[in-house]
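Let me begin by presenting the structure, written as structure tokens, before commenting on it.
The values are calculated or read from the model by the stated rules, or taken from the named source; none is laboratory data. Just so you know, these numbers come straight off a predicted model, no measurement behind them. Because the Cβ atoms are built from the backbone with ideal geometry, glycine has one as well, and the counts that use them run over all protein chains shown. In case anyone asks, the SASA skips ligands and DNA or RNA and just uses the protein heavy atoms, side chains included. Shrake-Rupley method; radii C 1.70, N 1.55, O 1.52, S 1.80 Å.
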Amino acid sequence: MKTLLNPEYIQGKDFPILNQCVNGQPLVYLDNAATTQKPRKVVESLTRFYETINSNIHRGVHHLSQEATAAYEDARSYISDFMDAGSGYNIVFTRGTTESVNLVASSFSNFLSPSDNVIVSVSDHHSTFVPWQQACLRTGAGFNVAFLLPDGSLDLEQLYGLLRKCHAKILVLPHVSNVIGKRNPVKEIISEAHKYGTAVLVDGAQAIAHFPVSVKDLDADFYCWSGHKAYGPTGIGVLCAKTAWLEKLPPYQFGGEMIEDVSIEKTTFGALPFKFEAGTPPFAEAVALKVALQYIKGIGFGQIEQHEKDLTRYTYHQLGEIPGLKIYGSEEERDDLISFNIEGAYHYDVGVLLDQMGIAVRTGHHCAQPLMRFLGVPGTVRCSFALYNRQHDADRLVEAVRKAAKMLL
Ligand code: PLP
């Protein structure tokens with residue numbers, strides 16, 4: 001496997017957490033779809049913020065507050081550029097993908113009635129599936145599900161049939177499935193959905209750190225992601241949405257920061273994006289998230305995408321040679337994760353054995369129980385890659401899975 005990236009160097013220089021032993025073995029961290037590790041610069045950025053300019057934003061006339069406000073708003077505009085959002089979009093800071101989707105589902109449900117329809121994908125994470133399921137139950141709107149083909153890709157024929165039939169108000173789908181790892185052709189899907197007046201919410205949690213995303217080019221109505229899956233801190237996420245939508249939607253939460261004027265009789269709300277940012281936002285985290293995205297840009301998506309794809313392809317083939325191992329989804333259009341099971345072994349037991357060999361993977365339903373039901377399994381083992389993973393990590397995983405299979409069968 002050829003790589004232009006030097007993950008060995010990157011691990012040593014930027015990710016001290018990876019240079020440790022777990023259960024007596026050098027750690028191999030392959031749980032990046034759950035959360036990525038943080039480069040030193042991101043950790044330092046948080047410390048620097050608290051040691052130099054920490055102060056609540058927007059309301060202060062004093063120096064520190066103005067510095068903190070400027071840094072927070074600068075992070076917002078950096079993120080807008082990072083996503084190629086352009087002037088038709090706004091960036092709202094949230095706590096993560098989950099809150100971004102809940103915000104939209106909660107506000108958007110004001111426009112749903114029993115004659116309306118919503119379409120979700122069976123591969124949606126619970127954080128996208130459940131808010132829309134609940135919005136439909138609350139409003140009586142129809143809840144429609146797009147399914148997958150046997151190779152794990154979205155069944156576009158069925159999805160387009162649904163769009164034609166029900167002219168849904170909104171379609172919700174992941175850019176990359178956190179179980180199958182397939183990249184959905186969202187640009188094509190959005191263009192099709194718009195023909196029927198259907199808005200599209202894209203869950204970009206498994207995309208944003210792995211390849212360049214231009215929301216403007218995709219023409220997405222809503223695009224959601226989490227900072228902690230993109231080498232940034234926890235507690236911060238992004239909702240990038242078309243300004244026209246955010247102007248129409250009512251606020252999601254009420255409180256400080258989001259108001260224009262409050263009297264006993266009524267409240268008027270602040271301008272965008274503040275109307276959706278009630279309370280003290282995660283300002284130190286926003287600043288550190290900018291540093292994380294700068295780190296990604298410093299390495300370059302060209303290199304990251306190629307490296308992760310090569311590593312995934314290599315691992316896919318190596319795992320595929322293990323007798324009795326079943327991988328979910330074909331190799332095509334696959335990004336940086338692989339879900340599998342050893343036939344006859346319980347996914348949890350495989351995960352425990354891998355941990356004993358120093359390898360961190362995730363096991364279980366991956367917050368995607370509708371997909372598990374569709375696949376007919378209670379859970380899978382999932383390995384997921386990041387820019388710092390090496391071929392050596394893949395080799396250690398494959399060797400450990402072989403050992404685990406021998407021990408369990
Ligand atoms: N969507 C996808 C595809 C995910 O993989 C995850 C987390 O694993 C989420 C949404 C939820 O992200 P968070 O828990 O950061 O809100």
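Computed with every protein chain present, the accessible area of Lys403 is close to 100 Å² [probe 1.4 Å]. For the options Leu246, Leu171, Leu64, a Gaussian network treatment of the chain with springs between C-alpha atoms closer than 10 Å singles out Leu64 as fluctuating the most.
The simple spin-label model puts a point 7 Å past each Cα toward its Cβ; for Gln369 and Ala271 those points are separated by 4.5 nm. Region 283-311 and region 139-216 have Cα centres spaced 25 Å apart. Positive-end ranking of Leu397, Ser109, Gln66 along the dipole of the chain, with charges on Cβ about the Cα centre, is headed by Leu397.
If R₀ is 35 angstrom, what is the calculated FRET efficiency for the pair Asp155 and Glu399, using the beta carbon separation as r and rounding to 0.05? Walk me through the numbers on the way to the answer.
Working: r = 36 Å, r/R0 = 1.03.
So, using R0 = 35 Å, E works out to roughly 0.45.
Structure remark: mean-square fluctuation, Gaussian network model of the chain, C-alpha springs under 10 Å; the largest value among Thr97, Thr315, Thr52 belongs to Thr52. For region 1-94, the list of chymotrypsin sites (Phe, Trp or Tyr not before Pro) that fall in a loop by DSSP and count at most 13 other C-beta atoms within 10 angstrom is empty. Our summary gives region 1-127 a relative contact order of 11 percent, counting only alpha carbon pairs under 8 angstrom and 6 or more residues apart. Using a cut-off of 19 Å between Cα atoms, the listed pairs Lys229/Lys275; Lys169/Lys266; Lys195/Lys216; Lys41/Lys297 include Lys229/Lys275; Lys169/Lys266 as exceeding that distance. Heavy-atom accessible area, probed at 1.4 angstrom with all protein chains present, ranks Arg183, Arg313, Arg95 as Arg95, Arg313, Arg183, highest first.
Taking Cα centre as origin and charging only the Cβ of basic (Lys, Arg, +1) and acidic (Asp, Glu, -1) residues, the dipole magnitude of the chain rounds to 380 debye. Per residue, the chain reaches -13000 deg cm²/dmol at 222 nm when only DSSP H runs of four or more residues are counted, each adding -39500 (n - 2.57). The label point for Ser191 and the one for Gln253, both projected 7 Å from the Cα toward the Cβ, are 3.8 nm apart. At R0 = 56 Å, how high is the FRET efficiency between Arg138 and Arg313 if r is their beta carbon distance? Nearest 0.05 is fine. Calculated transfer efficiency: 0.80. In a DSSP loop and with at most 13 other Cβ atoms within 10 Å, the GluC sites (Glu not before Pro) in region 310-400 are Glu321, Glu332, Glu343. The phi torsions of region 265-275, fed into the Karplus equation with coefficients 6.51, -1.76 and 1.60 and a -60° offset, translate into couplings of 7, 7, 10, 10, 9, x, 6, 6, x, 5, 3 Hz, rounded to whole numbers, with Gly and Pro shown as x.
Rolling a 1.4 Å probe over the heavy atoms of the protein chains gives the chain an accessible area of 41 Å² per residue.
With contacts taken as Cα pairs under 8 Å at a separation of at least 6 residues, region 44-297 carries a relative contact order of 24 percent. Mind grabbing the accessible area of Leu375 for me, 1.4 Å probe, Å², rounded to tens? Ignoring ligands and nucleic acids, Leu375 comes out at about 50 Å². Only one residue of Thr312, Ile53, Phe93 has its Cα farthest out toward the positive end of the dipole of the chain, where Lys and Arg carry +1 and Asp and Glu -1 on Cβ, and that residue is Thr312.
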